[in-house]
Amino acid sequence: MRLAVEPRDLTHYPFLKESQEFLAARGIKMNELASSALGRKYLDSAVERVKYAIDGKEMYPESQDFVADIATYVLARVLVSCVKDRNLIDRLARMEAKRAYYYLQEEENAKLKNHVCETLGISFGTGAMPVIRYVELASAVREPKWRLINRDVEAGTVKISDDEQDILLRERIRKIFSSQLPLSIPPSMEHEFVPWCEKISASLQERTLAEFGAIDESAYPPCIQALIAGASAGVNLSHSGRFAMTAFLNNIGMTPAQVAGIFARSPDFNPDMTIYQVDHITTHEYTTPACQTMLTHGICVNRDAQCDKVSHPLNYYRAKKKLLERKRLRAEAAVKVASESIPAEKQDD
Ligand code: SF4
């Protein structure tokens with residue numbers, strides 16, 4: 001017999017297929033929302049939900065309006081799919097995964113918990129995990145203890161403690177959510193949702209600028225500096241080099257036009273081709289590769305002392321920017337002290 005899922009439960013697990021049935025039964029149609037006052041209210045709430053994800057918050061709060069809660073979940077996914085920004089998609093997937101995981105852990109209804117786990121293709125409380133699944137999930141966790149070589153492997157499974165299982169389960173949910181996006185949205189719907197997508201893009205841009213501050217070329221990691229120097233000199237960069245440079249510059253807040261401007265320093269600059277490639281990378285792939293991946297592709301070059309402390313070019317950039325800022329403040333303070341110690345009559349000379 002089919003499990004009856006209460007509307008309150010659907011707000012906790014809005015990815016269940018029962019949620020779609022719930023909205024359909026109330027006559028909610030995605031393609032008609034922009035033209036009704038209630039629909040626009042849902043779209044505004046969906047923008048707020050995405051902003052929660054952009055700001056790195058873990059829980060979008062639940063309300064007493066079950067229809068609005070579920071519609072907001074669906075619309076948030078539709079809107080980030082229209083924006084087509086991988087970084088944004090990952091942020092939303094992370095927040096929704098943490099939210100679902102939270103409710104799943106707190107769930108007292110065993111039948112419902114099983115139903116949700118079955119829908120997600122996951123299992124609770126086995127104490128072990130097939131090696132292939134383990135490698136797929138643990139690769140996103142950085143500490144050495146997660147490396148397969150440091151694990152207890154037996155009969156094709158890896159032993160894991162309850163705490164570790166929680167971490168991997170959350171990662172599994174995030175991966176599922178992330179792999180489901182972007183959704184394929186009809187162009188007419190994309191067009192109708194432009195005003196809400198613009199609000200999301202502006203919020204993302206604001207967040208990026210706040211995270212990285214003003215762009216400081218002197219803080220670029222050596223690999224990126226080398227790629228920019230190569231592009232400027234007209235070197236035909238490999239796909240991975242072009243991708244890493246474009247994704248990095250976009251991640252620290254450059255617009256696609258500004259990134260294309262870097263390629264324009266090259267003597268054989270082809271504007272149409274460059275803009276096409278930059279747009280493709282910024283809208284589809286987006287995240288700067290980690291140092292290990294850069295190394296594999298032969299584009300981790302000119303390493304310096306700062307490189308030993310990071311595993312990602314963006315972390316290098318953040319740390320170096322802070323370092324340079326501290327140096328600048330120290331230099332300014334030294335100049336101030338020196339000028340204050342010069343007698344007034346000397347200063348007049
Ligand atoms: S270690 Fe990382 S940041 Fe440093 S050059 Fe290599 S890829 Fe770039």
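The values are calculated or read from the model by the stated rules, or taken from the named source; none is laboratory data. All of these numbers come straight from a predicted model, not from anything done at the bench. Neighbour counts are summed over all protein chains in view; Cβ atoms, including those assigned to glycine, are modelled from backbone coordinates with ideal geometry. In case anyone asks, the SASA skips ligands and DNA or RNA and just uses the protein heavy atoms, side chains included. Shrake-Rupley method; radii C 1.70, N 1.55, O 1.52, S 1.80 Å.
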(request) Work out, step by step, the length gained on full extension between ALA257 and LEU329: first 0.36 nm times the residue separation, then minus their alpha carbon distance; give nm to one decimal. (result) 22.7 nm
(request) Would you mind working out the magnitude of the charge dipole of the chain relative to its Cα centre, with +1 at each Lys and Arg C-beta and -1 at each Asp and Glu C-beta, to the nearest 20 Debye? (result) 520
(request) Calculate what fraction, in whole %, of the accessible area of the stretch 213-349 sits on carbon and sulfur atoms when a 1.4 Å probe is rolled over the protein chains. (result) 58
(request) Output the direction-averaged projected area (hull surface divided by four) of the convex hull of the alpha-carbon atoms of the stretch 38-153, in nm². (result) 9.2
(request) Would you work out which of LEU314, THR246, LEU137 lies farthest towards the positive end of the dipole of the chain? Charges go on Cβ: Lys and Arg +1, Asp and Glu -1. (result) LEU137
(request) With the convex hull built on the Cα atoms of the stretch 50-104, state its orientation-averaged projected area in nm². (result) 3.6
(message) What's the whole-number percent of alpha carbon pairs in the stretch 1-85 lying beyond 21 angstrom?
(response) 28
(request) Beta carbons within 10 angstrom, averaged per residue: use that to sort the peptides 150-160, 193-203, 87-97, 63-73, highest first. (result) 87-97, 63-73, 193-203, 150-160
(request) Over the residues of the chain, compute the C-alpha Rg and express it relative to 2.2 N^0.38 Å. (result) 1.21
(request) Please give the calculated 222 nm ellipticity per residue for the chain, where each DSSP H segment of at least 4 residues contributes -39500 (n - 2.57) and the sum is spread over every residue; nearest 500 deg cm²/dmol? (result) -19500 deg cm²/dmol
(message) Under the √(5λ) rule applied to the eigenvalues of the Cα gyration tensor, what semi-axes describe the equivalent ellipsoid of the stretch 196-269? Give them in Å, descending.
(response) 25, 14, 10
(request) Using the Kyte-Doolittle scale, find the helices of the chain whose mean hydropathy is at least 1.6 and whose Cα atoms extend 18 Å or more along the helix's long axis, counting only whole DSSP H runs. (result) 66-83
(request) Please report the Cα spread of the stretch 213-349 along all three principal axes, rounded to whole Å, starting with the longest. (result) 63, 33, 24
(request) Using Cα positions and a limit of under 27 Å, work out the lysines in reach of LYS175, with same-chain residues fewer than 8 apart set aside. (result) LYS17, LYS51, LYS57, LYS84, LYS98, LYS111, LYS113, LYS145, LYS159, LYS199
(message) So for each of 334-340, 225-231, 292-298, 304-310 I average, over its residues, the number of other beta carbons within 10 Å; can you give me the resulting order with the highest mean first?
(response) 225-231, 292-298, 304-310, 334-340
(request) Whole number in Å², please: accessible area per residue of the chain, 1.4 Å probe, ligands, DNA and RNA not counted. (result) 54
